[in-house]
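The values are calculated or read from the model by the stated rules, or taken from the named source; none is laboratory data. Source: prediction; values computed, not measured. Here the Cβ is made from the backbone with ideal geometry for all residues, glycine too, and neighbour counts use every protein chain on show. Please note that ligands, DNA and RNA were not included when accessible areas were found on the heavy atoms of the full protein model with its side chains. Shrake-Rupley method; radii C 1.70, N 1.55, O 1.52, S 1.80 Å.
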Amino acid sequence: MEHQSHDRFVSMADVPTTPPVLDAADLDLVAALQVAPRAPLSALAEVLGSSASTVGRRLTRLGEERLLRVIGQVEWPMLAEGNPMHLWVATAPGQAWQVARRLSELPEIPFVATTTGRTDVYCSLHATRRDRARELLMTRIPSVPGVRSAHTELVLRATAKSDSWRLRRLDDAQVRALREVTDPVAEPTAVTEFSDDELRAVELLRQDGRASAADVARGLGISRSTAYRLTQSLLQRGLVRPRVEIEPALLGHALEVVIELHAAPGAIQEVADALARHPSARYVSIVAGTSSVIHHGVFRDEDGLADLLTRDLAKLPGITACEVSVVLDVLRRYWIGREDGKLLSQDR
């Protein structure tokens, strides 16, 4: 049966499905992969007290069900000329979801969600060229039907990115064992020019953060030894950082927020560094705009957010104000579409 909702009919296909449920073994595997995304199945199995075949089947199932993917998080200089921007979009009444959907179709928008708080839609923008960013901000985005206004803040520096967020299920011994099988990573280099093979390898690793040297060799049409050196160079220089891509709600963190913090100039770095260490932090950045630091975090419940606002932030000197936007529905995250907690295609 169909029922009418405002100005359109909604079929049962439009009704959200029951969210997938991960069992304890799934969650343990996710936690292990967050520490060591490229760890061999044998190492994961040993740490988790299982067999390599069982871990492999579980990982394959999670991938086939579009719940989990290990991707490569690419350093900004390899993606674009400048840094990303935070963008808050106010929409006409009842147009938030439609606007978010239109924005999610733009290749320069890696993240977009509907929100409560300052505006109806929050997204990030990362254009390959600065002139393209100007075009998007001045013409393309304001012309999207339903957009009333937009507020932009430029990211100056990130103190935490999504690869650092962890599901805290493993003990110290398990974490140490996993770190022993991970490659050492240096701070990202300041190199701004890359070879064609490097860029092609980055794209392969971006799609599959567990891609082996053999996979890269086949994809690029080069020798396995060359592919191994190329892959290791990208990983060890921190230009590509493998990480687990999975919706936080599937891991028990259903409350997601974006917090804009205002701080005195002398306190900005200290505030950003402290928030980067907070267990909720998925993305923390120092910005140029009306705010000073933006904290994108996830929580198990409202009590966790209350503790951050009333207790953790109270310990940090220099904060003068904060504003919270609650994420309602994520349509795209790191260029990967989302639907009912599942991952769609990686668009860029």
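Here are some notes:
- Listed by first and then second residue, the pairs with beta-carbon distance under 6 Å, at least 6 apart or on different chains, first residue in region 40-58 and among the charged types (D, E, K, R), second surrounded by 15 or more Cβ atoms within 10 Å (Cβ to Cβ), are ARG58/LEU29.
- Test result for ARG237, modelled with pLDDT of 95 or more and among the basic types (Lys, Arg): no
- In region 57-91, the residues that are under 19 Å from ARG210 (Cβ atoms), of a type outside the set (Ser, Thr, Tyr) and surrounded by fewer than 16 Cβ atoms within 10 Å (Cβ to Cβ): ARG57, ARG61, GLY63, GLU64, GLU65
- Wholly within region 245-340, strands (runs of 3 or more DSSP E) carrying at least 1 residues that are within 16 Å of TRP88 (Cα to Cα): 255-263, 281-288, 293-299, 319-333
- Candidate set from region 67-94 (those that are under 23 Å from ASP163 (Cβ atoms) and over 16 Å from the mean Cα position of the chain (by Cα)); member that is modelled with the highest pLDDT: GLY82
- Screening region 192-213 for residues that are out of contact with any Lys or Arg (no Cβ under 6 Å at 6 or more places or on another chain) and of a type in the set (A, V, I, L, M) and picking the one that is most open to solvent (accessible area, probe 1.4 Å) gives LEU199.
- The single condition among (1) surrounded by fewer than 20 Cβ atoms within 10 Å (Cβ to Cβ); (2) closer than 21 Å to ARG333 by Cα that PRO242 does not meet is (1).
- Pairs with Cβ under 7 Å, 6+ apart, first in region 307-331 and crowded, with 17+ Cβ neighbours inside 10 Å, second among the basic types (Lys, Arg) and assigned to a strand (DSSP E or B): VAL330/ARG338; LEU331/ARG338
- Residue in region 251-260 that is in contact with a helix residue (DSSP H, G or I) (Cβ under 9 Å, 6 or more places away or on another chain), open to solvent by 40 Å² or more (accessible area, probe 1.4 Å) and either on the phi < 0 side of the Ramachandran plot or of a type in the set (Ser, Thr, Tyr) (or both) present: yes
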